[in-house]
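Everything on this sheet refers to the single structure shown next.
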Amino acid sequence: MLNNLKIFSAFIFFILTINYSPSGKDGYSFIEEQHQFQELQEDSGEKLMEMYCNTCHSFEMKGEDRIAPPMFAIKNRYMKVSSSEEEFVERILTWVKNPTVETALMRRAIERFEVMPYLNYEEDIVKEIAEYIYNNELKRNKKHGH
């Protein structure tokens with residue numbers, strides 16, 4: 001029985017790793033498809049941030065048009081008080097789940113923009129956005145440099 005399982009596993013592995021060509025010369029391999037899926041996953045934090053955060057926290061807004069601090073400023077502040085990625089993500093998640101004056105880390109932003117409204121975002125989405133912010137250089141406007 002164990003021998004049959006090994007043979008079956010080897011067969012499945014072989015099938016998944018060979019190239020297949022559903023339309024002749026334009027075929028693709030499973031490995032290429034897996035790579036494309038991985039690239040999509042890597043980009044998803046950025047795309048989620050653009051979808052969920054940039055309406056208010058865009059670096060492109062200036063002066064009176066700005067309605068909230070830009071994401072790079074948020075990252076800078078949270079990096080100062082977080083000793084690890086896990087702590088950074090947890091602090092962002094805690095704030096998004098329950099934004100209050102008492103729990104705010106950016107007091108001057110609260111004075112200028114008021115408290116962020118409660119947004120009923122899924123925890124996994126907020127975590128993925130926070131991980132992206134922690135691990136990537138965020139865009140800045142020219143006033144703050146690149």
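Kirkwood hydrodynamic radius computed over region 44-140 comes to 13.5 Å, based on all pairs of distinct alpha carbons. Relative contact order of region 44-140, taken over Cα pairs closer than 8 Å and 6 or more residues apart, is 38 percent.
All of the numbers you see were taken from the coordinates with simple rules; none came from a lab. What you see is a predicted model; the values in this text were computed from it and never measured.
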